[in-house]
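Read-outs: derived from the displayed coordinates by stated rules, not from any lab. Since the structure is predicted, the reported quantities are computational estimates derived from the model, not experimental observations. Backbone-built Cβ (ideal geometry, glycine too); neighbour counts: all protein chains shown.
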């Protein structure tokens with residue numbers, strides 16, 4: 001085989017299989033919705049397939065790059081997504097009613113904040129995971145926390161998209177937990193975020209966000225706000241163990257293709273379908289964490305664990321929201337919810353994890369090598 | 001500093017945490033899908049709207065420009081309806097149609113939902129509700145219909161609604177086939193806010209838009225333009241608030257509820273027009289003053305002088321300070337070009353040749369084309385043909401030269417409010433540019449306009465005008481500024497058909513504005 005072709009040796013079948021299965025679940029879910037309610041959801045499955053193809057190519061490129069060496073180029077995702085968010089705020093995005101989240105590139109409409117999720121993970125890995133020991137000063141750590149996490153989250157919140165801004169903060173904190181300077185970078189992040197939050201309090205929240213929280217806490221007093229959640233719970237319950245299409249064919253569930261994709265799937269395929277999706281998501285995140293635990297390199301460790309955290313956080317928040325355990329927030333279910341930006345971002349991230357894992361497990365170990373620490377290139381721990 | 005083994009152990013620990021969270025979610029899913037009892041009966045009637053209620057649009061005094069009325073849609077799942085013996089026949093009776101026609105409609109649809117009726121009347125809704133138990137798989141969904149109490153009067157500025165087109169959906173704004181979305185005016189430009197501000201917040205009710213529009217002035221302008229083809233825009237020159245914005249004829253958006261017109265047709269108030277002549281003279285003189293040209297500057301050389309303006313040819317050319325009052329609009333341009341002033345750039349500064357930035361989408365930019373700077377004044381009418389402007393741009397430019405040189409972005413929407421009335425956001429005046437006018441130039445311009453209007457005296461109506469307003473007129477255009485002492489209104493009327501229709505309409509509108517201001521200051 002030519003050296004120019006990517007080697008598939010070391011490819012993790014579990015991670016690859018679970019990813020492919022989840023993408024298929026997402027497309028099948030959209031197909032079901034389109035079949036039952038064509039006026040609302042018709043054609044979405046085809047569009048999702050197109051995005052899956054685009055994301056698949058991008059993910060393959062990411063895999064190839066990570067398979068050869070540490071995928072430092074991912075750091076540019078942060079720069080590009082950060083720049084794109086700035087463009088949306090500068091008015092280059094179409095502004096409707098003060099909301100500027102999307103950039104249009106011909107037929108493609110992209111939400112830069114989705115790419116920024118991966119960007120935050122990559123930036124933390126690059127800034128903290130790649131830093132030589134001699135350069136790890138307090139000031140550099142503070143600068144890293146601000147540039148990699150706080151500033152992107154603040155810009156996204158200003159779009160305004162507070163939900164994604166909070167997710168970025170959580171993802172940033174989770175990524176920092178796996179970085180060498182977690183002991184001081186996480187307290188820094190907490191201090192930077194908590195200060196304005198405590199000072200400004202509820203003024204940070206829009207009225208509709210407060211309304212969701214009130215509806216969650218007291219659904220009887222806010223029947224309108226709790227209606228979507230009550231529909232979601234009814235849909236889940238109607239699915240029973242094996243699922244039914246009857247509920248979806250005769251009821252309306254706002255966001256069935258996006259934030260409540262898991263509910264729509266669970267209603268149509270029952271508890272077995274729900275557990276299948278949760279299990280597949282758990283496999284994907286677990287393989288990312290497992291890759292991190294095998295990494296012989298701080299950058300790989302930080303990146304893989306960050307991707308695992310990113311996926312686990314989104315799945316947890318989305319499922320908890322769909323199951324009525326937390327108030328409704330706008331977080332999609334990775335690989336399943338309709339939306340090209342999120343799908344492509346997730347596939348790129350998983351391509352990087354797959355590539356890093358393949359490189360790690362196929363790396364030759366010379367006789368007498370001291371163990372994984374030898375791979376800490378040039379910057380051995382004291 | 002954490003060592004590598006600590007970080008790897010942390011990654012392994014995350015797997016355990018992941019398992020715990022997954023188990024908790026699985027337990028909750030099991031509780032929902034196995035232990036929880038499903039709803040005992042599927043309600044035939046949905047009690048809440050299927051999609052957020054679209055926000056209202058009101059004027060500055062709270063008068064409703066657009067709101068919603070409830071209607072019902074009837075959808076049927078044929079497979080479920082047929083589970084009940086005689087279900088189709090009963091539904092046919094309720095709807096007043098034959099059973100065969102429903103069978104034909106349901107043919108081959110299986111479990112797919114079929115929309116049987118839109119915009120049901122109350123009697124049918126009551127009948128379906130009465131027979132709900134006998135009509136499984138039949139449900140009513142309340143939908144809103146948009147209502148425009150002012151009809152065509154606000155049609156051009158408020159816009160209307162249309163069915164979403166295939167090109168619109170699905171877009172980043174959550175449009176889906178079957179949705180109704182804004183068409184033209186505020187409805188289109190603020191569609192997302194009116195729909196609920198977020199595709200990720202489907203339960204979020206639409207926002208109410210409080211505009212700067214004054215419905216009383218809008219109505220007065222509408223009546224003043226009766227029998228005229230034209231448009232009128234009224235601004236507050238102090239901050240760019242749009243007080244009225246209309247055109248005639250204008251479509252009634254209430255008529256669009258049952259269809260989707262190809263376009264609004266109601267954008268004449270912002271359409272490009274060929275425009276030249278006297279109306280621009282005060283603007284040009286003010287720009288010359290900003291450029292440092294003295295009021296005593298005179299044009300030397302040959303230039304075209306209309307026989308209707310003999311005073312302009314006296315003493316070797318008009319003085320800049322007398323251009324407006326003496327009706328010598330050609331000289332204004334000549335002075336600017338002789339002063340080597342970049343007329344094109346100067347006109348852009350006050351809002352010509354570019355969008356004004358009003359909060360309505362697809363605003364035309366007009367054009368200040370090079371021919372406008374053409375120095376051959378013998379060919380002046382041709383030279384002026386390069387300026388294309390909109391009534392809104394004229395109003396913005398006049399506002400700038402009479403408020404001291406501040407070019408404001410015109411704004412229609414003042415506040416965005418939640419359905420409960422609490423404030424979400426409020427627009428502040430936005431300064432687009434500043435022109436450095438000499439001190440007192442604004443008042444001098446107003447005085448010149450008043451002198452011109454006073455001296456004109458061709459119609460008895462003008463006699464009363466100078467104390468309350470200053471005017472500028474050119475064929476199809478008429479600009480009124482009021483009051484002279486402290487302007488709060490810039491009114492631009494463009495009415496090419498019939499000739500001089502703008503003049504009479506503007507006078508009526510200004511009088512109405514004075515009356516309204518005195519009644520409700």
Worksheet entry | Two-site FRET efficiency, residue B:24 against residue B:486, from Cβ-Cβ distance with R₀ of 60 Å, rounded to 0.05 | 0.30
Item to complete: Figure the gain on full extension for residue A:24 and residue A:363 (residue separation times 0.36 nm, minus the Cα-Cα span) and round it to one decimal in nm.
Response: 118.8 nm
Discussion item. Counting only Cα atoms, I'd like the Rg/Rh figure for the stretch A:22-361, Kirkwood definition for Rh.
Written reply: 0.97
Practice prompt. Starting from the Cα of residue B:362, step 7 Å along the direction of its Cβ; do the same at residue B:119; then give the gap between the two resulting points in nm.
Written response: 2.3 nm
Worksheet item: Want the number for residue B:5 to residue B:82: 0.36 nm per residue separation, take away the alpha-carbon distance, what's left?
Response: 21.2 nm
Worksheet item: Hey, with R₀ at 30 Å, roughly what FRET efficiency would residue A:138 and residue A:90 work out to, going by the Cβ-Cβ distance, to 0.05?
Response: 0.35
Response to the item:
FRET efficiency (residue A:326, residue A:147; Cβ distance; R0 30 Å; to 0.05) is 0.50
Worksheet item: From a point 7 Å beyond the Cα of residue B:97 in the direction of its Cβ, which residues of the stretch B:137-164 have a backbone N at a distance under 15 Å?
Response: B:138-140
Worksheet item: In the stretch B:71-144, how does Rg compare with the Kirkwood Rh, expressed as the Rg/Rh ratio over alpha carbon atoms?
Response: 0.92
Response to the item:
So residue A:9 and residue A:61, fully extended at 0.36 nm per residue minus their Cα-Cα distance, gain in nm 17.1 nm
Discussion item. Testing the spin-label approximation: label points 7 Å from Cα along Cα→Cβ at residue B:133 and residue B:17. State their distance in nm.
Written reply: 5.4 nm
Practice prompt. Shielding by partners for B:419-426, please: the mean number of other protein chain Cβ atoms within 10 Å of each residue's Cβ.
Written response: 2
